[in-house]
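Participant: I'd like to ask some things about the structure below.
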Amino acid sequence: MANEFYTLIVVPHAKARFRKFQVSVRMTKWVLGALGILGLILTGILTHYTWIAIEVAEVRRLRGENLALAAKARAYEENAGQLQSKVLQLQSVVTKLGLMAGVEESMPDAGVGGVGGLSRNETLPPSVDIAATLTELDSTVSNLSDKSTRLEAYFRDQKELLASTPSIWPLRGYLSAGFGNRLDPFTNLRDFHPGIDVSVPRGTSVVAPADGVVVFCGARAGYGNAMMIDHGFGVVTRYGHLDGYSARPGQRVQRGDVIAFSGNTGRSTAPHLHYEVWVNDQMRNPIEFIIDEYRSF
């Protein structure tokens, strides 16, 4: 079959010679087909590049959102930790108020000196489950709310009782001996300590932890210079190893009034205050009645 041709005639201008070109029809079809295929390929490449650019932009956007969410999560963890700390402090205060009101039977056991922990296989990364923490806090706050409601009803008409409750520290210092069993500092034998010892410099002011009447000032055996205050409702506080007094028997004192000065009299190894709380002639741990948490001042 004879080849078919397209004839192209080029006329440069009126006086110039015509130029004639012949192009094979088959070649023209091949060239046009190749150009079409090349166009499709280029269109595909541009489409794929556009899709990749959109995906990259989306990944960058999601990465930015993830960073923002991670920062918020860290902030939530910190806030949850701070909130949990405050709730625990509030729980301690409410529990102590509950002890005074008879709503609570005893303080939670906070033993010291224990050891323990998980095995290596049981140890997990220290991540914080915010949802679980918030759920636990919600339960704790609900419990505290119920207790607070009961305490509010109990204490509403108990202003006089509250004023007579030894709820503040008689002075600030180092808690050198707690309430309960201990080794006697003189005999080194196991003995029961009926109060707490707060180490302070000699002459530190001692204040009344509650309203009451001074019923005794004077020397008493191992207490040295001692003082006793009757707060009413069966509550009596005793102070030992004093250096001097600023209140006298029969004097009514109010919470925060300076009543005496710490010393080193009686059976004492160094200047400090020995402080006892008695309720209905029964020894009680003074810290159970003190509202603010213990710190070394």
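Every number in this text was worked out from the coordinates using simple rules, so none of it is lab data. Note that this is a predicted model, so its numbers are computed, not measured. Cβ sites come from the backbone with ideal geometry, for glycine too, and all protein chains shown count toward neighbours.
Participant: Run the simple label-point estimate for Lys86 and Thr7 please: 7 Å along Cα→C-beta, distance reported in nm.
Facilitator: Taking the two extended label points, one gets 9.9 nm.
Participant: A further question follows. Along the charge dipole of the stretch 206-297, pointing to its positive end and built from +1/-1 on Cβ of Lys, Arg, Asp and Glu, which listed residue (Val214, Val277, Tyr245) has its Cα farthest out?
Facilitator: Checked the options; the winner is Tyr245.
Participant: List the lysines whose Cα lies under 20 Å from the Cα of Lys86, skipping any in the same chain that are fewer than 8 positions away.
Facilitator: Lys96, Lys147
Participant: If you average the sequence gap of Cα pairs under 8 Å that are 6 or more apart and divide by the length of the stretch 1-100, what percent do you get for the contact order?
Facilitator: 14 percent
Participant: Moving to a separate point now. Among 159-170, 52-63, how do they line up by average Cβ neighbours within 10 Å per residue, starting with the highest?
Facilitator: 159-170, 52-63
Participant: Still on this structure: For Thr165, what residues show an amide H to amide H distance below 5 Å, using hydrogens built from the backbone and excluding near sequence neighbours?
Facilitator: Amide H neighbours of Thr165: Asp211.
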